[in-house]
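Just below is one structure, and these are the notes that go with it.
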Ligand SMILES: Cc1cc2nc3c(=O)[nH]c(=O)nc-3n(C[C@H](O)[C@H](O)[C@H](O)COP(=O)(O)O)c2cc1C
């Protein structure tokens, strides 16, 4: 199918675009909604689903589990609309025919603003399968996959990838990608071998942007790697000539990252936000997803106030939503009591 230029938000959204990175077991519908609720309007333009297997989507039995990753709750949908944030479904796999079928399924059953192909994940299992970052060294299969996906959708199509496999191969790989029917390329400034180690090389991202200027000025380049604030995203976009920045792990250090005016977050607000996260997660997943997945989030709220370490240790032991809420309530009661003692003494 031909891309519909009207739908190409990558081109229509004023640069620099700030994008929340896809992160498995992190950027589900509950977390994305939470981030939008605590962000300042206009600071975040695009969010992504977790990467979703095209093989899984084509499997009549396996599909049910896999497509949890594509879930967008009604309340998240409202936040997306109200804040004019676009949502991209990220898919992966190695069989072009499965991409075609998966796209058909997504088009018939879901409402996304864009489709992204994962050509960056370095995890051994997927690389051994020949998918994701393994495609960097397999241009002919990468071209077939992009073509099959393009045929299945009018939506803007992007590829999220890395600089190379064993060494930066930016010039060769970008020259190839810039000849494909894509609307955007998200470039993580590391190679496959690095996994998440070392620093992202933004000079290589700048090289990609220069090649783009020469070869395909209509394709947007979004840089990714080690950005920890909206200001840094803007500065890097300007310095390295990209159309925006994608931010991943920075959100663990500061969930209020897309609310740059908010510099001080009180203990009360951190705890209220954790309670909201519990509520959104329970509403979406109840017992479908393992409660233990939530534990990785506790430390992002439980830091920077007196007693945070104690509550964090307690929360790492809880196994249910009810226990989690009860622990926060007990902590608040304890704090209120200590404060009243301090005032009286
Ligand atoms: C827990 C975790 C899960 C991730 N899952 C995905 C994923 O599903 N798809 C993807 O393209 N990248 C995934 N990534 C990579 C991030 O999207 C991003 O490219 C990487 O973390 C570098 O950006 P950062 O330095 O801002 O974190 C994941 C990263 C982390 C830390």
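What's the ranking of 166-176, 320-330 by average number of surrounding C-beta atoms within 10 Å, highest first?
The packing order, highest mean first, is 166-176, 320-330.
Running a GNM on the chain with Cα contacts under 10 Å, which residue among 225, 307, 244 ends up with the highest mean-square fluctuation?
307
Taking other Cβ within 10 Å of each residue's Cβ, how do 207, 311, 2 sort, fewest first?
2, 207, 311
Helix 74-83 versus the longest principal axis of the chain: what is the Cα-based angle in degrees, 0 to 90, to the nearest 10?
Between the helix axis and the principal axis of the chain, the angle is about 80 degrees.
Once both axes come from the Cα atoms, what is the angle between helix 267-285 and the longest principal axis of the chain, in degrees from 0 to 90, rounded to 10?
60 degrees
At q = 0.18, 0.35 Å⁻¹, what base-10 log of I(q)/I(0) does the Debye formula yield for the stretch 278-319 when every alpha carbon is treated as an equal point scatterer in vacuo?
-0.54, -1.20
Roughly how tilted is helix 321-344, in degrees to the nearest 10 and between 0 and 90, from the longest Cα axis of the chain?
Orientation of helix 321-344: about 50 degrees from the principal axis.
Separation of the stretch 250-312 and the stretch 150-202 by C-alpha centroid, Å?
Cα centroid to Cα centroid, the span is 32 Å.
When the chain is fully extended, how far beyond the present Cα-Cα distance does residue 213 get from residue 166, taking 0.36 nm per residue of separation?
Computed gain between residue 213 and residue 166 is 14.3 nm.
In bins 20 Å wide, starting from 0, what share of all Cα pairs of the chain does each bin hold, as a percent?
All Cα pairs considered, the percentages come to 30, 56, 13, 1.
Run lengths n ≥ 4 of DSSP H only: what is the helix-derived mean residue ellipticity at 222 nm for the chain, with -39500 (n - 2.57) per run over all residues, to the nearest 500?
-13500 deg cm²/dmol
Let me check the size of the stretch 253-345 from its C-alpha atoms; what are the radius of gyration and Dmax in Å?
14.3, 49
None of the figures in this text is laboratory data; all of them are computed from the coordinates on show. Computed from a predicted model, the values in this text were never measured in an experiment. Neighbour counts run over all protein chains shown; Cβ positions are idealised from the backbone, glycine included.
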